[in-house]
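Okay, so here's the structure we're looking at.
The values are calculated or read from the model by the stated rules, or taken from the named source; none is laboratory data. Treat the numbers as computed from the prediction; the structure is a model and nothing was measured. When we count neighbours, we look across all protein chains shown, and the Cβ atoms used for this are built from the backbone with ideal geometry, even at glycine.
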Amino acid sequence: MAATMHAAVVEEFGKPLAFHEWAIPVPGPGQILVKTEACGVCHTDLHAAHGDWPLKPTLPFIPGHEGIGRVAAVGAGVTLVKEGDRVGVPWLYSACGHCEHCLSAWETVCGEAEFGGYTKNGGFAEYILADPNYVAKIPDRLSPLEAAPLICAGITTYKGIKVADVRPGEWIAISGAGGLGHLAIQYAKVMGLQVCAIDIDDGKLEHATRLGADLVVNAKSEGAVEAVRQGTGGGAHGVLITAPSLVAFKQAIAMTRKRGTCVLVGLPPGEFPVPLFDVVANCITIRGSFVGTREDMAEALAFAAEGKVKADIETQPLSAINTVFDRLEHGNVPSRVVIDFGVGAA
(Lines give C-alpha, C1' and ligand atoms only; values in the text may rest on other atoms or scores of the structure.)
Protein backbone atom coordinates (compact mmCIF):
# COMPACT_ATOMS: atom_id res chain seq x y z
CA MET A 1 0.00 0.00 0.00
CA ALA A 2 1.37 3.45 -0.96
CA ALA A 3 2.50 5.77 1.81
CA THR A 4 0.22 8.76 2.38
CA MET A 5 0.46 12.36 3.54
CA HIS A 6 -1.91 14.98 4.88
CA ALA A 7 -3.03 17.50 2.25
CA ALA A 8 -5.54 20.33 1.90
CA VAL A 9 -7.32 19.89 -1.42
CA VAL A 10 -9.55 22.02 -3.64
CA GLU A 11 -12.32 19.67 -4.75
CA GLU A 12 -14.77 22.32 -5.93
CA PHE A 13 -14.20 25.99 -6.77
CA GLY A 14 -15.50 28.37 -4.13
CA LYS A 15 -15.88 25.65 -1.48
CA PRO A 16 -13.75 25.08 1.65
CA LEU A 17 -10.63 22.98 1.14
CA ALA A 18 -11.00 19.32 2.08
CA PHE A 19 -8.45 17.47 4.18
CA HIS A 20 -7.31 14.15 2.73
CA GLU A 21 -4.80 11.39 3.06
CA TRP A 22 -3.06 11.77 -0.31
CA ALA A 23 -0.53 9.39 -1.82
CA ILE A 24 3.04 10.64 -1.36
CA PRO A 25 4.35 11.19 -4.91
CA VAL A 26 7.40 9.29 -6.12
CA PRO A 27 9.98 11.36 -8.02
CA GLY A 28 10.58 10.20 -11.55
CA PRO A 29 13.63 10.97 -13.70
CA GLY A 30 14.58 14.64 -13.38
CA GLN A 31 12.27 15.20 -10.38
CA ILE A 32 12.74 15.65 -6.64
CA LEU A 33 10.52 15.09 -3.61
CA VAL A 34 10.51 17.82 -0.95
CA LYS A 35 9.36 17.22 2.64
CA THR A 36 7.47 20.40 3.49
CA GLU A 37 8.58 22.42 6.52
CA ALA A 38 6.59 25.58 5.85
CA CYS A 39 4.32 27.05 3.18
CA GLY A 40 3.21 30.65 2.90
CA VAL A 41 -0.38 31.56 2.07
CA CYS A 42 -0.88 33.99 -0.80
CA HIS A 43 -3.92 35.79 -2.23
CA THR A 44 -3.22 33.85 -5.44
CA ASP A 45 -4.05 30.65 -3.54
CA LEU A 46 -7.46 32.14 -2.83
CA HIS A 47 -7.93 33.02 -6.51
CA ALA A 48 -6.94 29.46 -7.41
CA ALA A 49 -9.39 27.93 -4.93
CA HIS A 50 -12.19 30.16 -6.23
CA GLY A 51 -11.38 29.57 -9.90
CA ASP A 52 -11.27 33.34 -10.44
CA TRP A 53 -8.96 33.45 -13.45
CA PRO A 54 -9.62 32.50 -17.10
CA LEU A 55 -7.19 29.55 -17.01
CA LYS A 56 -8.50 27.47 -14.13
CA PRO A 57 -6.66 24.64 -12.36
CA THR A 58 -7.81 21.09 -12.99
CA LEU A 59 -9.78 19.73 -10.05
CA PRO A 60 -8.89 18.29 -7.61
CA PHE A 61 -5.60 20.01 -6.81
CA ILE A 62 -3.40 21.04 -3.88
CA PRO A 63 -2.71 24.81 -3.67
CA GLY A 64 0.35 26.50 -2.20
CA HIS A 65 3.32 28.03 -4.04
CA GLU A 66 5.51 29.17 -1.15
CA GLY A 67 6.61 25.73 0.02
CA ILE A 68 9.95 25.35 1.80
CA GLY A 69 11.48 22.04 2.81
CA ARG A 70 14.27 19.52 2.64
CA VAL A 71 14.88 17.33 -0.40
CA ALA A 72 13.69 13.89 0.70
CA ALA A 73 14.39 11.95 -2.50
CA VAL A 74 15.79 12.56 -5.98
CA GLY A 75 14.92 10.92 -9.28
CA ALA A 76 17.36 9.59 -11.82
CA GLY A 77 19.65 12.15 -13.42
CA VAL A 78 19.23 14.86 -10.79
CA THR A 79 22.53 16.61 -10.00
CA LEU A 80 21.57 20.20 -9.12
CA VAL A 81 20.35 19.33 -5.62
CA LYS A 82 20.87 16.44 -3.27
CA GLU A 83 18.97 14.85 -0.41
CA GLY A 84 18.97 17.11 2.64
CA ASP A 85 19.23 20.39 0.73
CA ARG A 86 16.70 23.04 1.75
CA VAL A 87 14.79 24.40 -1.23
CA GLY A 88 11.69 26.38 -2.06
CA VAL A 89 9.04 25.29 -4.56
CA PRO A 90 7.76 28.58 -6.01
CA TRP A 91 5.00 29.75 -8.32
CA LEU A 92 7.18 29.17 -11.40
CA TYR A 93 7.26 25.39 -11.13
CA SER A 94 8.99 24.84 -14.48
CA ALA A 95 9.40 26.21 -18.00
CA CYS A 96 10.50 24.81 -21.37
CA GLY A 97 14.02 26.26 -21.20
CA HIS A 98 14.42 26.79 -24.94
CA CYS A 99 11.86 29.35 -26.18
CA GLU A 100 12.73 32.99 -26.88
CA HIS A 101 11.55 34.00 -23.41
CA CYS A 102 13.49 31.34 -21.54
CA LEU A 103 16.62 32.04 -23.56
CA SER A 104 16.41 35.75 -22.71
CA ALA A 105 15.89 35.15 -18.95
CA TRP A 106 12.13 35.80 -19.03
CA GLU A 107 11.09 32.25 -18.20
CA THR A 108 8.09 33.51 -16.23
CA VAL A 109 6.23 34.18 -19.50
CA CYS A 110 7.18 30.90 -21.18
CA GLY A 111 4.20 29.48 -23.04
CA GLU A 112 4.85 26.05 -21.55
CA ALA A 113 5.38 27.24 -17.97
CA GLU A 114 3.81 25.23 -15.15
CA PHE A 115 2.78 26.84 -11.88
CA GLY A 116 3.03 25.46 -8.35
CA GLY A 117 -0.23 25.04 -6.51
CA TYR A 118 -2.08 25.73 -9.75
CA THR A 119 -1.21 23.54 -12.70
CA LYS A 120 0.97 21.38 -10.42
CA ASN A 121 0.16 20.28 -6.88
CA GLY A 122 1.67 22.60 -4.30
CA GLY A 123 2.71 23.11 -0.73
CA PHE A 124 -0.48 22.64 1.30
CA ALA A 125 0.72 19.08 1.82
CA GLU A 126 3.45 17.28 3.72
CA TYR A 127 5.41 16.49 0.53
CA ILE A 128 5.81 18.32 -2.80
CA LEU A 129 7.02 16.95 -6.12
CA ALA A 130 9.29 19.51 -7.81
CA ASP A 131 11.55 20.26 -10.77
CA PRO A 132 15.12 20.73 -9.45
CA ASN A 133 15.90 23.21 -12.24
CA TYR A 134 13.41 25.72 -10.86
CA VAL A 135 13.48 25.35 -7.08
CA ALA A 136 14.90 28.19 -5.00
CA LYS A 137 18.11 27.57 -3.08
CA ILE A 138 17.37 28.75 0.47
CA PRO A 139 20.31 30.48 2.22
CA ASP A 140 21.39 28.86 5.49
CA ARG A 141 20.70 32.08 7.41
CA LEU A 142 16.96 31.90 6.65
CA SER A 143 14.59 29.58 8.49
CA PRO A 144 11.81 27.88 6.51
CA LEU A 145 9.20 30.15 8.10
CA GLU A 146 11.19 33.29 7.21
CA ALA A 147 11.88 32.14 3.66
CA ALA A 148 8.37 31.04 2.68
CA PRO A 149 6.83 34.46 1.87
CA LEU A 150 9.97 35.59 0.07
CA ILE A 151 9.69 33.04 -2.74
CA CYS A 152 6.45 34.66 -3.88
CA ALA A 153 5.63 37.96 -2.16
CA GLY A 154 9.31 38.84 -1.90
CA ILE A 155 10.36 38.06 -5.46
CA THR A 156 7.15 39.55 -6.88
CA THR A 157 7.64 42.93 -5.23
CA TYR A 158 11.39 42.98 -5.78
CA LYS A 159 10.97 42.32 -9.51
CA GLY A 160 8.14 44.87 -9.70
CA ILE A 161 10.42 47.54 -8.28
CA LYS A 162 13.18 46.61 -10.73
CA VAL A 163 10.93 46.96 -13.78
CA ALA A 164 9.55 50.28 -12.51
CA ASP A 165 12.89 51.76 -13.67
CA VAL A 166 13.17 54.02 -10.63
CA ARG A 167 16.61 55.35 -9.77
CA PRO A 168 18.03 55.78 -6.25
CA GLY A 169 16.70 58.99 -4.72
CA GLU A 170 13.53 58.96 -6.82
CA TRP A 171 10.03 58.25 -5.55
CA ILE A 172 8.18 54.96 -5.72
CA ALA A 173 4.58 54.76 -4.53
CA ILE A 174 3.54 51.36 -3.21
CA SER A 175 -0.20 50.83 -3.32
CA GLY A 176 -1.11 48.28 -0.67
CA ALA A 177 1.00 47.98 2.47
CA GLY A 178 0.00 44.46 3.49
CA GLY A 179 1.43 41.06 2.62
CA LEU A 180 3.27 42.16 -0.53
CA GLY A 181 3.51 45.86 0.20
CA HIS A 182 5.33 45.58 3.53
CA LEU A 183 8.07 43.67 1.73
CA ALA A 184 8.08 46.10 -1.20
CA ILE A 185 8.70 48.98 1.21
CA GLN A 186 11.75 47.23 2.61
CA TYR A 187 13.17 46.29 -0.78
CA ALA A 188 12.64 49.83 -2.08
CA LYS A 189 14.46 51.39 0.88
CA VAL A 190 17.38 48.97 0.50
CA MET A 191 17.52 49.97 -3.18
CA GLY A 192 17.87 53.65 -2.23
CA LEU A 193 14.38 54.85 -3.17
CA GLN A 194 12.05 57.29 -1.49
CA VAL A 195 8.87 55.45 -0.59
CA CYS A 196 5.27 56.56 -0.45
CA ALA A 197 3.03 53.85 1.06
CA ILE A 198 -0.68 53.86 0.26
CA ASP A 199 -3.38 51.81 1.96
CA ILE A 200 -6.92 52.07 3.33
CA ASP A 201 -5.87 50.74 6.77
CA ASP A 202 -4.23 53.24 9.14
CA GLY A 203 -2.67 50.37 11.10
CA LYS A 204 -0.86 49.15 7.98
CA LEU A 205 0.26 52.71 7.25
CA GLU A 206 1.70 53.03 10.76
CA HIS A 207 3.55 49.79 10.14
CA ALA A 208 4.77 51.18 6.81
CA THR A 209 6.23 54.18 8.63
CA ARG A 210 8.06 51.88 11.03
CA LEU A 211 9.49 50.03 8.03
CA GLY A 212 10.91 53.26 6.64
CA ALA A 213 8.23 54.75 4.37
CA ASP A 214 8.94 58.46 3.83
CA LEU A 215 5.30 59.35 3.16
CA VAL A 216 2.05 57.53 3.93
CA VAL A 217 -1.39 58.25 2.47
CA ASN A 218 -4.77 56.70 3.26
CA ALA A 219 -6.33 55.90 -0.11
CA LYS A 220 -9.83 56.49 1.28
CA SER A 221 -9.05 60.02 2.44
CA GLU A 222 -10.31 62.97 0.45
CA GLY A 223 -7.58 64.25 -1.81
CA ALA A 224 -5.45 61.08 -1.54
CA VAL A 225 -4.17 61.39 -5.09
CA GLU A 226 -3.28 65.04 -4.63
CA ALA A 227 -1.51 64.22 -1.35
CA VAL A 228 0.71 61.75 -3.19
CA ARG A 229 1.37 64.19 -6.03
CA GLN A 230 2.27 67.02 -3.66
CA GLY A 231 4.31 64.83 -1.31
CA THR A 232 6.39 63.42 -4.17
CA GLY A 233 6.82 66.71 -6.02
CA GLY A 234 4.56 65.97 -8.99
CA GLY A 235 3.81 62.29 -8.71
CA ALA A 236 5.86 59.16 -8.12
CA HIS A 237 8.48 58.20 -10.69
CA GLY A 238 7.25 54.64 -10.28
CA VAL A 239 4.07 53.15 -8.84
CA LEU A 240 3.80 49.52 -7.77
CA ILE A 241 0.24 48.26 -7.31
CA THR A 242 0.14 45.29 -4.96
CA ALA A 243 -3.45 45.78 -3.81
CA PRO A 244 -5.98 43.50 -5.56
CA SER A 245 -8.37 46.43 -6.06
CA LEU A 246 -9.60 48.11 -9.24
CA VAL A 247 -9.98 51.37 -7.31
CA ALA A 248 -6.29 51.17 -6.40
CA PHE A 249 -5.41 50.59 -10.05
CA LYS A 250 -7.34 53.68 -11.13
CA GLN A 251 -5.76 55.83 -8.43
CA ALA A 252 -2.30 54.61 -9.31
CA ILE A 253 -2.34 56.09 -12.80
CA ALA A 254 -3.24 59.48 -11.36
CA MET A 255 -0.39 59.16 -8.83
CA THR A 256 2.19 58.46 -11.54
CA ARG A 257 4.54 61.26 -12.55
CA LYS A 258 4.71 62.38 -16.16
CA ARG A 259 6.91 59.89 -18.04
CA GLY A 260 6.72 57.60 -15.03
CA THR A 261 6.02 53.86 -14.90
CA CYS A 262 3.04 52.18 -13.30
CA VAL A 263 3.67 48.50 -12.55
CA LEU A 264 0.76 46.10 -12.11
CA VAL A 265 1.28 43.20 -9.71
CA GLY A 266 -2.06 42.69 -7.96
CA LEU A 267 -4.65 40.70 -9.88
CA PRO A 268 -8.21 41.74 -8.98
CA PRO A 269 -11.03 40.21 -11.02
CA GLY A 270 -12.33 42.53 -13.73
CA GLU A 271 -10.92 44.89 -16.34
CA PHE A 272 -8.25 47.49 -15.63
CA PRO A 273 -9.80 50.99 -15.86
CA VAL A 274 -7.25 52.84 -18.00
CA PRO A 275 -7.72 56.62 -18.39
CA LEU A 276 -6.36 56.73 -21.92
CA PHE A 277 -6.09 60.51 -22.25
CA ASP A 278 -3.97 60.80 -19.08
CA VAL A 279 -1.74 57.89 -20.10
CA VAL A 280 -1.09 59.31 -23.57
CA ALA A 281 -0.83 62.99 -22.62
CA ASN A 282 1.54 62.27 -19.72
CA CYS A 283 3.58 59.62 -21.55
CA ILE A 284 2.99 57.08 -18.77
CA THR A 285 4.25 53.54 -19.14
CA ILE A 286 1.98 50.77 -17.84
CA ARG A 287 3.86 47.54 -17.27
CA GLY A 288 2.78 44.14 -16.01
CA SER A 289 5.18 42.23 -13.78
CA PHE A 290 4.69 38.50 -13.19
CA VAL A 291 6.65 37.12 -10.20
CA GLY A 292 10.33 36.96 -11.20
CA THR A 293 13.09 34.85 -12.69
CA ARG A 294 15.43 32.47 -10.90
CA GLU A 295 18.07 35.20 -10.81
CA ASP A 296 15.56 37.61 -9.28
CA MET A 297 14.80 34.93 -6.70
CA ALA A 298 18.44 34.58 -5.71
CA GLU A 299 18.78 38.36 -5.36
CA ALA A 300 15.58 38.72 -3.32
CA LEU A 301 16.63 35.94 -0.94
CA ALA A 302 20.14 37.40 -0.60
CA PHE A 303 18.77 40.70 0.73
CA ALA A 304 16.85 38.76 3.38
CA ALA A 305 19.81 36.54 4.26
CA GLU A 306 21.81 39.71 4.89
CA GLY A 307 19.12 40.91 7.32
CA LYS A 308 17.99 43.81 5.14
CA VAL A 309 14.47 42.50 4.44
CA LYS A 310 12.26 40.50 6.79
CA ALA A 311 8.72 39.25 6.27
CA ASP A 312 6.27 39.81 9.10
CA ILE A 313 4.68 36.43 9.57
CA GLU A 314 1.95 34.73 11.55
CA THR A 315 2.10 30.95 11.76
CA GLN A 316 -0.86 28.60 11.58
CA PRO A 317 -1.30 24.83 11.21
CA LEU A 318 -2.52 23.34 7.94
CA SER A 319 -5.81 22.51 9.67
CA ALA A 320 -6.56 26.26 9.90
CA ILE A 321 -6.28 26.95 6.16
CA ASN A 322 -10.00 27.58 5.59
CA THR A 323 -10.08 30.12 8.42
CA VAL A 324 -6.97 31.78 6.97
CA PHE A 325 -8.63 31.94 3.53
CA ASP A 326 -11.72 33.56 5.04
CA ARG A 327 -9.57 36.18 6.80
CA LEU A 328 -7.61 36.79 3.61
CA GLU A 329 -10.79 37.30 1.62
CA HIS A 330 -12.02 39.89 4.11
CA GLY A 331 -8.69 41.75 4.42
CA ASN A 332 -7.99 40.53 7.96
CA VAL A 333 -4.41 39.39 7.43
CA PRO A 334 -1.97 42.21 8.32
CA SER A 335 1.09 40.72 6.59
CA ARG A 336 1.71 37.06 5.69
CA VAL A 337 0.46 33.79 7.13
CA VAL A 338 2.80 30.81 6.96
CA ILE A 339 1.63 27.24 7.45
CA ASP A 340 4.04 25.60 9.91
CA PHE A 341 4.44 21.87 9.39
CA GLY A 342 6.19 21.60 12.73
CA VAL A 343 9.63 20.67 11.48
CA GLY A 344 11.42 23.72 12.88
CA ALA A 345 14.26 25.78 11.52
CA ALA A 346 17.14 23.32 11.86
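Out of all the residues in the range 165-189, which are touching a His at 6+ places or on another chain (Cβ under 6 Å) and either among the β-branched types (V, I, T) or in a loop (DSSP other than H, G, I, E, B) (or both)?
Across the range 165-189, the qualifying residues are V166, E170.
I'm trying to understand the selection: among the residues of the range 258-312, which are aromatic (F, W, Y) and within 15 Å of the chain's Cα centre (by Cα)?
Within the range 258-312, just F290 meets the criteria.
Would you please name the residue that is surrounded by the most Cβ atoms within 10 Å (Cβ to Cβ), looking only at residues in the range 308-339 that are more than 24 Å from P268 (Cβ to Cβ) and not β-branched (V, I, T)?
In this case the residue turns out to be L318.
Let's see how each residue does on (1) closer than 23 Å to D340 by Cβ; (2) of a type in the set (S, T, N, Q); (3) modelled with pLDDT of 95 or more; (4) not in a strand (DSSP E or B):
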site	(1), (2), (3), (4)
V34	yes, no, yes, no
G40	yes, no, yes, no
T44	yes, yes, no, yes
K82	no, no, yes, yes
A105	no, no, no, yes
G111	no, no, yes, yes
L150	yes, no, yes, yes
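Of these, G84, G117, which one is under 21 Å from T44 (Cα atoms) and assigned by TED's automatic domain parsing to the domain that holds P27?
Result: G117 is the single residue among G84, G117 that is under 21 Å from T44 (Cα atoms) and assigned by TED's automatic domain parsing to the domain that holds P27.
In the range 243-256, is there at least one residue being surrounded by fewer than 23 Cβ atoms within 10 Å (Cβ to Cβ) and touching a Ser or Thr at 6+ places or on another chain (Cβ under 6 Å)?
Checking the range 243-256: at least one residue is surrounded by fewer than 23 Cβ atoms within 10 Å (Cβ to Cβ) and touching a Ser or Thr at 6+ places or on another chain (Cβ under 6 Å).
Could you pull out the residue among F249, F277 that is farther than 30 Å from V87 by Cα, part of a helix (DSSP H, G or I) and either in contact with a Phe, Trp or Tyr (Cβ under 6 Å, 6 or more places away or on another chain) or at pLDDT 95 or above (or both)?
F249
One residue is enough: does the range 70-81 have a residue meeting the conditions under 22 Å from the mean Cα position of the chain (by Cα) and assigned by TED's automatic domain parsing to the domain that holds S143?
Scanning the range 70-81, I find at least one residue that is under 22 Å from the mean Cα position of the chain (by Cα) and assigned by TED's automatic domain parsing to the domain that holds S143, so the answer is yes.
So which residues in the range 1-32 are in a strand (DSSP E or B) and of a type in the set (V, I, T)?
Correct list: T4, V9, V10, I32.
Table: residues versus (1) surrounded by 19 or more Cβ atoms within 10 Å (Cβ to Cβ); (2) under 23 Å from L246 (Cα atoms); (3) in contact with a Lys or Arg (Cβ under 7 Å, 6 or more places away or on another chain).
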| residue | (1), (2), (3) |
| --- | --- |
| A188 | yes, no, no |
| M191 | no, no, no |
| Q194 | yes, no, no |
| D201 | no, yes, no |
| D214 | no, no, no |
| A227 | yes, yes, no |
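I'm checking my understanding of the structure. Among residues of the range 109-161 that are polar (S, T, N, Q) and crowded, with 22+ Cβ neighbours inside 10 Å, which one is farthest from V71 (Cα to Cα)?
Once the filter is applied, the top-ranked residue is T157.
Assuming G223 fulfils every condition listed in (1) at negative phi; (2) over 22 Å from the mean Cα position of the chain (by Cα) apart from one, which condition is it?
In the conditions (1) at negative phi; (2) over 22 Å from the mean Cα position of the chain (by Cα), G223 misses (1) alone.
Cβ-Cβ below 7 Å, separation at least six or inter-chain, first residue in the range 18-42 and farther than 14 Å from V71 by Cβ, second among the acidic types (D, E): which pairs?
A18/E11; A38/D340; C39/E66; G40/E66; C42/E66
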